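See below for the structure under consideration.
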Amino acid sequence: MGYTEAKAQLMTVPPYACALVFLLLVSWNSDRTKLRGFHVFFCALIACVGYILLISTDKLGCNYAGACLVAMGLYPIIPLMLSWVSNNNLGHTKRAISLAIMNMFGQCFATVGTQIFKDKTAPRFFMGYGICIAFMGLTMVVSLVFTYLLRRENARRQEEFGDPRPLTATEQVDIIEKGVYDKHPGFRYFI
């Protein structure tokens, strides 16, 4: 690209700075609204737009903007998914196993990511960016499907059990000892 080593290193800062600010804003809004699925969808859409910019042109400015959008889209998905899985799986064992499975899949795809960007496809990396666009599309579809299914289950529980009421300390201990957790009539899924 013609930059000195120091300038090239400095050029890596803005995408991560943008990602940090966006991650904090998205995480804050997701906790405020208690909605995870739509935030995951929106972040995946932003990353998809970034990958499309990267794959569609070799202009430096567009590629840099694409890199910023990819970072802004990808990085918030990780805490969103961790909190979504954690919020919807009650009980220590169930939560630990579900988080471990999610992390296992994430690490498998990280390994795949090291193999899809081949030197022979540089500088546009059609195969690598194409696969990333496909997975971002899959992320968008899955997040919307999960949101729909969890919303439907919450509506079923609302119709069957009515509004959830706050539990007393004794009731909370009883629920934990009996292992009821997310089967309790007052439990509602985070969507």
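For the reader, a short list of remarks on this structure follows.
- Helices (runs of 4 or more DSSP H) enclosed by region 88-191 - at least 2 residues per element that are touching a residue at least 40 places away in the same chain (Cβ under 8 Å) and closer than 24 Å to Gly37 by Cβ: 126-161
- Filtered by the rule that a residue be closer than 19 Å to Gly66 by Cα and in contact (Cβ under 8 Å) with a residue 24 or more places away in the chain, region 27-44 gives Val40, Phe41, Cys43, Ala44.
- Apart from one condition, Gly91 fits all of (1) under 26 Å from Val141 (Cβ atoms); (2) open to solvent by less than 40 Å² (accessible area, probe 1.4 Å); the exception is (1).
- Of all residues in region 99-120, those that are within 15 Å of the chain's Cα centre (by Cα), open to solvent by less than 60 Å² (accessible area, probe 1.4 Å) and modelled with pLDDT of 90 or more total 2.
- Flag for Arg156 being within 30 Å of Ile46 (Cα to Cα), of a type in the set (D, E, K, R) and open to solvent by 60 Å² or more (accessible area, probe 1.4 Å): no
- Boolean, Lys7 is part of a helix (DSSP H, G or I), open to solvent by 30 Å² or more (accessible area, probe 1.4 Å), of a type in the set (Lys, Arg) and within 30 Å of Lys178 (Cβ to Cβ): no
- Leu167, sole failed condition from (1) within 21 Å of Tyr75 (Cβ to Cβ); (2) surrounded by 12 or more Cβ atoms within 10 Å (Cβ to Cβ); (3) of a type outside the set (Phe, Trp, Tyr): (1)
The values are calculated or read from the model by the stated rules, or taken from the named source; none is laboratory data. Predicted, not measured: the structure shown is a model, and the values here were computed from it. FYI the Cβ positions are ideal-geometry reconstructions off the backbone, even for glycines, and counts take in every protein chain you see. Just so you know, the surface numbers come from the protein's heavy atoms only, side chains and all, with ligands and any DNA or RNA stripped out. Shrake-Rupley method; radii C 1.70, N 1.55, O 1.52, S 1.80 Å.
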